[in-house]
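Read through the structure below, which is laid out as structure tokens, and then see the notes.
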Amino acid sequence: MNSIILRVGTRYLCGLLVLFSLYMLIRGHNEPGGGFIGGLIGSTGFVLFALACGTADARNALKIMPQNIAMGGLGIALLAGIFAAFFGDALFTGQWLFINETPDDKGIPISTVLFFDIGVYLVVFGSILSIVFAMEEEI
Amino acid sequence: MNDTATAMHPTGNGLVGLIPVGIALLLFGWFLSLAPAVADGQSLRLVWDWVPSLGIAMSFLVDGLSLTFALLISGIGALVLLYSNTYLAGHPQFARFALFLTSFMLAMLGLVLADNLIGLFVFWELTTITSYLLIGFGHDTTKGRRSALQALFVTGAGALALLAGFILLGFSMGSFELSEILAQADVLKAHEMYLPILILILAGTFTKSAQFPFHFWLPNAMAAPTPVSAFLHSATMVKAGVYLMARMHPGMSGTDVWFWTLTIAGAFTAVFASILALRQTDLKQALAYTTLMALGTLTLFLGQTSGYAMTAFATFLVVHSLYKAALFLVVGCIDHSTGTREADVLGGLGRAMPVTAFAAGLAALSMAGFPPFLGFIGKELKYAGILAIGSEPFLFAAALLTANALMFAVAGIVALRPFWQRTGVALPRKPHEAPWPMLAGPVILAVLGALFGVYPDLLQVALVDPTVKSLLGSIEDAKELKLWAGVNMPLFMSIVTVALGAVLYLGHKRLRPALGRLVDAAPQFDNGWDKFLLALKSFAAWQTQIIQPGILRRYIFATFATVLVALGGTMIARQAMPTWPDLTDVTFQNIALVVLISAGAILTALTSSRIAAMAALGVVGIGVAMIFIVFSAPDVAITQLLVETLIVVLVAVALLRLPVLDENGRDHRPLDAILAGAIGLSVTLVLLAVLETPLDLRLTEYFEVTSWPEAFGRNIVNVILVDFRALDTFGEIAVVVIAALSAYALLRTTHPRKDP
């Protein structure tokens with residue numbers, strides 16, 4: 001699809017969509033969002049990129065092969081689950097660390113649950129892109 | 001075999017070859033140290049928890065029966081490993097071979113020692129797999145691959161039946177511990193599931209121990225290197241089935257069906273196999289068929305419950321392992337030295353290979369049942385045991401006598417002729433004596449056969465009595481092992497056996513053509529196997545043609561038609577038709593959504609433009625997303641919207657390649673519309689029926705209450721996904737990755753790769 005308007009628009013839209021997807025990912029634990037939704041939004045950014053500028057450019061912009069992103073995400077999710085074993089808990093039990101915790105405020109939470117969600121994000125993101133890119137390249 | 005390699009590696013393969021021998025010797029020593037306690041009537045039990053929630057433990061039991069097997073496995077294992085270190089010296093894949101053989105030995109030890117049904121099954125399958133790898137060690141030949149696969153399929157299929165039998169047994173008896181199950185023999189024998197359990201377990205043991213009609217894989221398994229045949233296919237693995245029948249004997253024997261099945265299958269296999277053995281000219285094949293005969297005999301005795309039969313079983317088990325392993329190893333030496341195993345070619349080796357000839361002679365005398373060898377005692381006991389059978393003893397005695405006479409002849413063919421008879425035919429290589437590591441095995445095993453014959457008390461106290469105790473529960477029924485039991489019926493039968501055997505040996509060359517005609521006239525199981533596989537493949541091809549003709553629309557039609565029949569059929573069968581719902585709460589907003597979705601669906605079905613159909617489908621999807629928003633499920637709504645968007649993109653990309661819609665005409669549309677309408681109607685009815693039952697809110701409440709305090713999250717959907725049900729989510733994302741990779745692979749393989 002050769003459209004100058006779409007191409008220029010995509011430059012901004014793609015970045016915005018990825019940024020928004022990260023926002024959705026992080027807020028997911030308390031507000032609507034999460035890794036699955038974040039991954040879907042992020043992938044639409046690059047799907048748009050591929051439609052406007054071609055898959056070759058999209059692959060270049062992504063740097064890493066989407067299949068590898070998906071498999072890396074699966075690995076991160078698995079590691080986040082196995083981490084619980086170091087504390088004698090059952091597989092995939094969430095482990096939490098609260099930075100600057102005070103009696104009133106929980107502070108900044110870091111958890112294996114977040115890493116698990118990041119893994120989900122990467123799996124969804126990478127899987128969709130590997131299918132879409134491959135289909136586009138077929139044509 | 002490679003003689004130069006042997007010369008270059010006088011110690012075989014270095015540490016790689018010696019470590020397994022060390023492992024086997026250590027195990028043998030450990031088992032030997034347990035022997036005095038077991039001979040005293042004690043048994044040792046070791047337990048580790050494995051899957052406690054399912055009642056599965058790694059429990060091991062050392063009693064007379066399992067110790068006898070463990071000593072045979074580790075002892076013969078050590079000798080065979082030492083032997084193969086030289087036999088396969090310099091072989092490029094020796095390390096792999098040593099690994100397979102050692103793994104097999106450990107799996108086999110686990111099998112005979114396991115006291116838990118599931119543990120036993122796991123080891124059982126491990127022996128199947130390692131056996132497959134060992135038979136297929138020469139995987140560069142078609143024959144090797146076919147034999148390995150055949151053994152795997154036959155024993156693997158039996159193992160599945162065995163697993164079913166074990167599960168049935170475990171649930172029927174309320175325990176998976178063998179010792180607990182066998183302690184309630186009366187309950188088991190009276191249980192309504194006794195017959196199914198028996199059939200399933202026997203299916204496993206008969207395939208593993210190659211009883212007729214599953215016997216055909218064992219002679220083919222001789223494609224394996226000779227040490228493997230000596231170890232797996234004579235002394236140990238094929239006896240796993242016999243072991244299991246012996247293990248189950250206290251709990252399941254004594255019924256009519258047990259007696260007749262084992263006795264008839266055993267007797268038939270024994271006679272049938274020994275006739276085939278006489279016909280073989282390849283020494284290894286001849287030994288393979290006599291192994292079948294031995295397995296048949298052991299099965300025959302396990303069908304009984306008398307003290308004589310059990311003593312005969314325990315003795316013959318040891319006798320056979322000793323002489324058969326020795327003879328296989330001798331055949332390996334002959335092959336290694338002369339380059340052939342053909343009985344018609346071999347002759348006059350006695351001068352060149354005196355030690356081999358000595359070992360072969362001792363082993364063969366034991367096999368033929370001459371005094372003062374252990375084989376003689378074994379034979380006397382077998383005759384005493386067979387005469388103790390309750391019904392038709394003379395029929396079975398005649399069968400056993402025939403089989404023994406044929407064994408006598410085969411012993412002569414394998415161990416006498418190659419060494420002491422001159423054939424005048426030139427050998428492929430000039431014979432020479434085998435190196436000592438290859439002689440150690442046959443000599444030690446053959447000498448043990450003679451030693452135990454002269455001092456039968458040794459064997460009686462250490463192994464036979466404890467084994468009989470495992471089988472019958474008490475040691476009193478064990479009969480005495482002695483060389484001279486007086487002038488009685490077994491002695492008379494022995495004399496007849498020797499006379500008949502001598503006649504068969506002298507006339508075996510003239511008998512062979514007649515035997516060949518007889519065997520050729522009988523059904524050929526090995527060819528039947530090939531036909532069975534071919535039929536299976538053509539059936540698969542035929543049903544694929546019917547179910548998957550390659551037209552996507554028909555797949556979808558068939559899938560949805562099946563769903564409709566299942567849904568509608570269930571609704572009607574269960575009489576679950578819902579009543580007309582109460583519509584008073586329906587708002588204008590709801591009606592508008594319904595109208596939007598219906599309009600989208602109707603447009604999709606009627607339009608002749610692909611783009612329009614796709615956009616209309618998008619409308620349906622967005623309408624569904626709006627329903628989620630109205631009923632306050634924002635997470636689901638967002639996901640639905642995003643998925644809709646991506647689907648439109650994907651379909652649009654794919655559409656560019658597709659031909660014009662309806663190029664095959666629109667005849668199928670009315671039928672499709674009816675099917676779609678019916679599916680929609682039945683799903684609606686199912687949902688209405690579901691709504692009529694009160695909604696169980698316990699889970700929802702649980703998650704609402706615990707989400708924040710336990711998982712520090714306010715978005716319940718997300719907390720469930722990443723915390724409470726994280727394992728499920730992990731499974732789902734693994735599926736997503738697999739689907740993406742498969743789609744990628746499919747897209748890439750249909751066309752040659754383009755340069756990016």
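Values quoted throughout were computed directly from the atomic coordinates according to the rules given, and no laboratory measurement underlies them. Given the structure is predicted, the values throughout are model-derived calculations rather than measurements. We place every Cβ from the backbone using ideal geometry, glycine too, and count neighbours over all the protein chains shown.
Selection among B:Asn116, B:Thr297, B:Ile638 by position relative to the dipole of the protein assembly as shown gives B:Thr297 as farthest towards the positive end (Cβ unit charges, Cα centre). Rounded to the nearest 10 degrees, the inclination of helix B:256-279 to the longest alpha-carbon principal axis of chain B is 60 degrees. For the range B:695-756, the fraction of C-alpha pairs more than 16 angstrom apart is 62%. For peptide B:511-524, the mean count of partner chain Cβ atoms within 10 Å of a residue's Cβ comes to 0.
Charge tally around B:Trp124: other residues with Cβ under 13 Å, Lys/Arg +1 each, Asp/Glu -1 each, net +2. By the beta-carbon count within 10 Å of each Cβ, the least crowded to most crowded order of B:Trp124, B:Trp258, fewest first, is B:Trp258, B:Trp124. The lysines within cross-link reach of B:Lys509, meaning a Cα-to-Cα straight distance under 22 Å and a gap of 8 or more places when in the same chain, are B:Lys284. Remark on chain B: hydrodynamic radius 30.8 angstrom, per the Kirkwood mean of 1/r across alpha carbon pairs. Which net charge results when you count Lys and Arg as +1 and Asp and Glu as -1 among the other residues whose beta-carbon is under 15 Å from that of A:Asn2? Cβ neighbours under 15 Å give a net charge of -1.
For chain B, the relative contact order is 10 percent, taking Cα pairs closer than 8 Å that sit 6 or more residues apart in sequence and dividing their mean separation by the residue count. When shorter helices are ignored and each DSSP H run of at least 4 residues is given -39500 (n - 2.57), the per-residue value for the protein assembly as shown at 222 nm works out to -24000 deg cm²/dmol. What residue among B:His139, A:Pro66, A:Leu6 has its Cα farthest toward the positive end of the dipole of the protein assembly as shown, where the charges are +1 on Lys, Arg and -1 on Asp, Glu, each on the Cβ? It is B:His139, whose Cα lies furthest towards the positive end. For the listed peptides B:418-430, B:111-123, a ranking on the average number of other beta carbons within 10 Å per residue, highest first, reads B:111-123, B:418-430.
Of all lysines in the structure, those lying under 28 Å Cα to Cα from B:Lys189, and not within fewer than 8 positions of it along the same chain, are B:Lys208, B:Lys239, B:Lys382, B:Lys469, B:Lys479. Amide H contacts of B:Asn116 (H built 1.01 Å from N, in plane; Pro and chain starts excluded): B:Ser59, B:Leu178 sit under 5 Å, all sequence-distant by 5 or more or on other chains.
Within 10 Å of the Cβ of each residue in A:122-132, the mean number of Cβ atoms contributed by other protein chains is 5. Cα centroids of the range A:1-78 and the range B:257-328: 70 Å apart.
Highest-first packing order for the peptide set B:586-597, B:499-510 is B:499-510, B:586-597, based on the mean count of other beta carbon atoms within 10 Å.
Under 1.5 on a/c is rounded, so check that first for the range B:566-638, then, if it is not, pick prolate when a/b is larger than b/c and oblate when it is not; a ≥ b ≥ c are the square roots of the alpha carbon gyration tensor eigenvalues. Cα axes put the range B:566-638 in the oblate bin. Taking all Cα pairs closer than 8 Å and separated by 6 or more residues, the relative contact order of the range B:333-408 comes to 18 percent. Relative to the longest principal axis of the Cα atoms of chain B, the long axis of helix B:15-39 lies at roughly 80 degrees. Per-residue Cβ neighbour counts within 10 Å put B:Thr311, B:Thr340, A:Thr102, B:Thr570 in the sequence A:Thr102, B:Thr570, B:Thr340, B:Thr311, beginning with the fewest. Considering only A:Asn30, A:Asn68, A:Asn100, the mean-square fluctuation computed in a Gaussian network model of chain A, springs between alpha carbons under 10 angstrom, is largest for A:Asn100.
Rounding to the nearest 10 and keeping the result within 0 to 90°, find how far the Cα-based axis of helix B:436-454 lies from the longest principal axis of chain B. Here the helix axis deviates by roughly 70 degrees.
Compute the separation of the alpha-carbon centres of the range B:56-108 and the range B:182-220 and state it in Å as a whole number. Each part's Cα centre sits 25 Å from the other's.
Here the extension length gained between B:Ile572 and B:Tyr702 equals 43.3 nm, from 0.36 nm per residue of separation less the Cα-Cα distance. Note: relative contact order over the range A:20-139, using C-alpha pairs below 8 Å and six or more positions apart, is 33 percent. The modelled label-to-label distance between B:His139 and B:Ile647, using points 7 Å beyond Cα along the C-beta direction, is 4.4 nm. On full extension of the chain, what length is gained from B:Thr559 through B:Trp484, given 0.36 nm per residue of separation minus the C-alpha to C-alpha distance? In short, 19.4 nm is gained.
For the peptide B:636-642, the mean number of other protein chain Cβ atoms found within 10 angstrom of a residue's Cβ is 4. Taking a cut-off of 21 Å between Cα atoms, list the lysines near A:Lys63, but don't count ones fewer than 8 places away on the same chain. Hits, sequence-local ones excluded: B:Lys754. The charge dipole of chain B, taken about its Cα centre with unit charges on the Cβ of Lys, Arg, Asp and Glu (plus for the first two, minus for the last two), comes to roughly 3080 debye. Projecting the Cα atoms of B:Val653, B:Ser172, B:Gly453 onto the charge dipole of chain B, computed from C-beta unit charges around the Cα centre, puts B:Gly453 farthest toward the positive end.
Each of B:Arg279, B:Arg669, B:Arg247 has some number of other Cβ atoms within 10 Å of its Cβ, and from fewest to most they run B:Arg669, B:Arg279, B:Arg247. The longest part of chain B holding none of the exposed loop GluC sites (Glu not before Pro), meaning those outside H, G, I, E and B in DSSP with at most 10 other Cβ atoms within 10 Å, is B:193-475.
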